[in-house]
Amino acid sequence: MEFLRNTSELFKNLKHRRPTKNFCPKCCNPEIMTSSYFDSWLTPTKYVCDKCGYIGPIFLELKKK
């Protein structure tokens with residue numbers, strides 16, 4: 001029972017993240033997408049930019065305060 005109580009407390013204390021906007025690190029295009037639906041499941045996530053041709057695991061993230 002102690003495990004369930006601790007798990008419950010953990011979920012209560014997690015900070016909820018607001019949606020963020022992702023940008024291409026090369027050309028700052030806001031329409032960067034993941035390369036495949038299987039990314040993050042079997043392999044690390046790769047992002048693809050149709051505008052400049054960037055393919056890689058890094059993206060820029062804009063957060064509102």
- Considering residues of the range 23-38 that are closer than 10 Å to ILE55 by Cα and of a type in the set (Ser, Thr, Tyr) only, the residue nearest to the chain's Cα centre (by Cα): THR34
- Note on the structure: Only one of (1) assigned to a loop (DSSP other than H, G, I, E, B); (2) modelled with pLDDT under 75 does not apply to PRO30, and that is (2)
- Message: Give me the residue from the range 34-59 that is modelled with pLDDT of 90 or more and outside any loop (DSSP other than H, G, I, E, B) and, out of that set, surrounded by the fewest Cβ atoms within 10 Å (Cβ to Cβ).
- Response: ILE55
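Looking at this structure, is LYS64 assigned to a loop (DSSP other than H, G, I, E, B) and modelled with pLDDT under 75?
Answer is yes for this residue.
The values are calculated or read from the model by the stated rules, or taken from the named source; none is laboratory data. The model shown is predicted, which means the values in this text are computed figures rather than measured ones. Heads up, the Cβs are rebuilt from the backbone with ideal geometry, glycines too, and the neighbour counts pull from every protein chain shown.
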